[in-house]
Structures are given as C-alpha cells and as structure tokens.
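Report on one structure; see the data block that follows.
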Amino acid sequence: MKIGIIGLGLIGGSLGLDLSEQGFQVVGVSRRQTTCDIAVSMGVVSAASLDFEILAGVELLFMATPIGAISATIKAVIPYLSPDTIITDVASVKQPIVEEITPLYPNFVGGHPMAGTADQGIEAALRHLFQDTPYVLTPTDSTPLEAMEKVKQIVNILGSKLYFATPEQHDQAVALISHAPVMISAALIETCCGNSELLELAQNLASTGFRDTSRVGGGNPELGAMMAQYNRNAVLFALNQYQQNLAQVISYIEQENWPSLTRFLADSQLHRPSFLS
Ligand code: NAP
C-alpha cells in the first residue's frame, strides 16, 4: 500500500518511520525543502516534495500539519487525489476539523494519536512513538466503513491501543487530560521562574517531581495555543473546574484546616491509580 503524509514533523515523521519500517511505500509533503531532504535521509519516507503531485496513487493520506493548517491543506490537496484515497488526520482537536472536512471529503476519518514529546520538527521524529499508547478515532454516522477499517488496520500495525469517541466527547476528554494540563503546567513553570530571589536555589533543588509536573508545560507553544484556540470551550470548562479545586485547597491552607486538606489529598492519592489504570 502507498501511504502519504503531509506535515513531516514530530508526529508525521514518527508515523513515517514506523510505516516505512513495516514495508509500506511512504511518501511525504512538507512546507520546507530542507525538511523533505532530512525526512528522506532519516528513512521517514522514500520520497518527499513540496508538491502534492508526489501523492498520486496514495491509498491512505495522513494529515499531520499544525491544527490551523489542516482544513486549508485538505482543500488544496483534494484535486490531486483519487476519490478512493482515504484521508485521516492526527490533530489534537477533532470537532472543528471533522465538521469542516466531512462535507468536503466524505472519505475521511478523524483521528488522534495520544503520543508526543516536548520537541517538534522532523529531527524530533521517533521510532515506535505510538507503541502501547492510545489512538482515538472519531467517526461520524457518515464515515465510510471501509475507510474506518483501513485506518483501524494501520493503527493496529502501529501497536497503539484503539479507542472510539465522538468528536465532541474526544475534545471534552482531552481538554481535561491534555489541553488544560499544558496550561496548568506552563503556569507552574512561570510561577517558579517569577521568583527571582530564590530562582537559583529552586533550580538546583528541582528534581524528578518537578520534571514530571512541568513536562507538558515545556512543549511546543504553537501547538498549546492551537489546543486552546480550537478547543476553547472545553479547555475553559476544564480550567474553571481546576480553578475551583485550587481555590478549595487555598482556602483549607488559609484556614489551617489540616483535616480537610488531608482528606482532599487522600482522595487524590486514592483516585490517581484507578484513573491511570
Ligand atoms: P511539528 O513537529 O511542528 O510538525 C508539523 C510539521 O508540519 C512542521 O515540521 C512543518 O514542516 C509542517 N508544516 C507546517 N505547515 C505546513 C503546511 N501548510 N503544509 C505542509 N507541511 C506543513 O508538530 P507536531 O507536534 O508533529 O504536530 C502535528 C500535528 O499532530 C498537529 O495537528 C498536532 O495537533 C498533532 N499532534 C501533536 C502531538 C504532540 O504531542 N506534539 C500529539 C498528537 C497529535 P516544515 O519543517 O516543512 O515547515
């Protein structure tokens, strides 16, 4: 099978590495020629170009550009594809993409691999990034079954754990576990860096705990901003819920209400393992 990838960065590049390794013929399109050259030299794709013509004959096309470029890029690439080509995307937000693309190109399956690192660009691409990580597909009533089956097959080949959700449910759930945590973690980093008198000592003392809690706040800023822009209502809902919980914690400490604070922390200690299991 010939597979195309548009957007040869962290996610597109990582998909290309694994799919090429599995024996698929993978070709890519990116914005810069240097990225195309690096992708070929890394073995991400067998050929890459700035020109959509390289995608002739692809059976499956992954859209892996930044969220804000997906709709315009799909509109521009449609004339280069056979109507049999299945398009799937990897964007971290689903409802606006699925709503816009489905009427334009019915042979489309929305998707989101829940895997990443703090890095970006083709050099950040990693083998087996999607192994044992969740991969959500967000079909609608009009998604063709054959297209779904093909994308499911590829997700299984990547070694991911397959899940299904509506685009709306997906966006609400990822706001809680991914998009809001990016904002919360970024705010924590800024809180630490804003304390100039203690900065050096705090930096020296920061160890594994701070590494864990600050990791997602130290990632790609454009991606974080697009999560908030394209999933605004769900991100605001999650952050408001978080703010209420934080206000509760602040009030326990102000009132020196140690039993209630202990109960709050005991609940979170109890809930974390079952949430993550
Ligand atoms: P990234 O590393 O910045 O890669 C995106 C690549 O797309 C860039 O390297 C750029 O390549 C290329 N590009 C930008 N505009 C383009 C255009 N108009 N046409 C063709 N190529 C274009 O970002 P990423 O983290 O891989 O994110 C890509 C998608 O994956 C996003 O939709 C994001 O929501 C989704 N996602 C990200 C993560 C994550 O943790 N990072 C996880 C899951 C899903 P050039 O070098 O050629 O400019």
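Hey, what angle do you get for helix 232-254 against the long axis of the chain, alpha-carbon based, 0 to 90 degrees rounded to 10?
Helix 232-254 and the main axis of the chain meet at about 20 degrees.
At a 10 Å Cβ-Cβ cut-off, how would you order 199, 55, fewest neighbours first?
199, 55
List the residues, sorted by chain then number, that are 5 or more residues from residue 5 or on another chain and whose placed amide H is less than 5 Å from its amide H.
27, 28, 29, 62
Under the rule of -39500 (n - 2.57) per DSSP H run of 4 or more residues, summed and divided by the residues of the chain, what mean residue ellipticity at 222 nm is obtained, to the nearest 500 deg cm²/dmol?
Taken over the chain, the calculation gives -16000 deg cm²/dmol.
Which lysines have a Cα less than 21 Å from the Cα of residue 152, not counting those fewer than 8 places away in the same chain?
Counting by Cα, and skipping residues close in sequence, residue 152 has these lysines nearby: 2, 94, 161.
With 10 angstrom as the radius, rank 5, 38 by how many other C-beta atoms surround their C-beta, starting from the fewest.
Going from sparsest to densest Cβ surroundings: 38, 5.
Would you give the gap between the C-alpha center of segment 82-140 and the C-alpha center of segment 231-277, rounded to a whole Å?
Using only Cα atoms, the two centres lie 32 Å from each other.
Using a 10 Å cut-off around each Cβ, can you sort 119, 141 from fewest to most neighbouring Cβ atoms? Walk me through the intermediate numbers first.
Details: 119 13, 141 5.
With the sparsest Cβ surroundings first, the list reads 141, 119.
Bear in mind these aren't lab numbers, they're just calculated from the coordinates by the rules spelled out. Nothing here was measured: the structure is a model prediction, and the numbers come from that model. No Cβ is skipped: glycine too gets one built from the backbone with ideal geometry, and neighbour counts run over all protein chains shown.
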